[in-house]
């Protein structure tokens, strides 16, 4: 009897959740969404995906080549802009550019997707500058972009979607990447509390292992080797070259498990932007 009651209650809970998550925001064709890091990977696919759905996509790219390629693959609705998230001037310029386009409607969605992983290595192999380089893009840049655009998002009672990682839950390797993703989780949680009374929802996307430029094995291997070559002899002697070989071998093993279906992540991003009842967190690929 109790099992039957539990099964019924569970079924009702799942049915209600399914119904809530299928409800979408009205007038999506009027909504502006700014996405950072649109040169490749998740950001590039999401820009194309939202454009196909009719949203007004403002795609921020790091390079003109990336912007040109994206414009060629999308409709005339999509607009591109160059953005370096480590430059306060670039962020201010893009904020002014966005304000001109959204007007009194405000910015419905901000997707903080730009990120890097290199330099990465065992912590002792790295310098302060190595950590700072990654943190400036993945965390400090994300924070500054958010703070700069937040008044426009608040005006629209919109969404902030921050890309963290499974590495924001458990740290497997050294360097600034995992630290930055833990920071994204913490910043998002505090911002969510602060923005709730303004009708702004803050969502976190936590991708697992996907095949993107960040996980490019060749780049990571070159990074390990170049970092090793710059180490003091004392540290090299302590670790030994076998340690370096094991790191490179581990990369090749991990590569076999990379998921190439990036839509598993971008579908979560799209839901966070278009659902009436978005989730607080989306775990994609794990």
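The values are calculated or read from the model by the stated rules, or taken from the named source; none is laboratory data. The structure presented is a predicted model; accordingly, all values stated were derived computationally and were not measured. For neighbour counting, all protein chains shown are included, and Cβ atoms are generated from backbone atoms with ideal geometry for every residue, glycine included.
Quick notes
- Residue check, residue 75 farther than 30 Å from residue 229 by Cα, touching a helix residue (DSSP H, G or I) at 6+ places or on another chain (Cβ under 8 Å) and not in a helix (DSSP H, G or I): yes
- Helices (runs of 4 or more DSSP H) enclosed by the stretch 122-228 - at least 3 residues per element that are closer than 24 Å to residue 109 by Cα: 141-156, 176-195
- Residue satisfying condition, being touching a residue at least 40 places away in the same chain (Cβ under 8 Å), surrounded by 12 or more Cβ atoms within 10 Å (Cβ to Cβ) and within 30 Å of residue 129 (Cα to Cα), within set 210, 198: 210
- Looking only at residues in the stretch 107-141 that are in contact with a helix residue (DSSP H, G or I) (Cβ under 6 Å, 6 or more places away or on another chain) and without any contact (Cβ under 8 Å) to a residue 60 or more places away in the chain, the one that is nearest to residue 174 (Cα to Cα) is 131.
- Single condition residue 171 does not satisfy, out of (1) buried (at least 21 other Cβ atoms within 10 Å of the Cβ); (2) in contact with a helix residue (DSSP H, G or I) (Cβ under 8 Å, 6 or more places away or on another chain); (3) free of Cβ contacts under 8 Å to residues at least 40 places away in the same chain: (1)
- Residue 116 being more than 23 Å from residue 271 (Cβ to Cβ) and outside any helix (DSSP H, G or I): yes
- Subset of the stretch 229-260 [assigned to a loop (DSSP other than H, G, I, E, B) and in contact (Cβ under 8 Å) with a residue 40 or more places away in the chain]: 231, 257, 258, 260
- Screening 33, 57, 81 for residues that are surrounded by 21 or more Cβ atoms within 10 Å (Cβ to Cβ), without any contact (Cβ under 8 Å) to a residue 40 or more places away in the chain, assigned to a strand (DSSP E or B) and touching a strand residue (DSSP E or B) at 6+ places or on another chain (Cβ under 8 Å) leaves exactly one candidate, 57.
- Any hit, the stretch 100-112, residues being farther than 25 Å from residue 207 by Cα, buried (at least 19 other Cβ atoms within 10 Å of the Cβ) and at pLDDT 95 or above: yes
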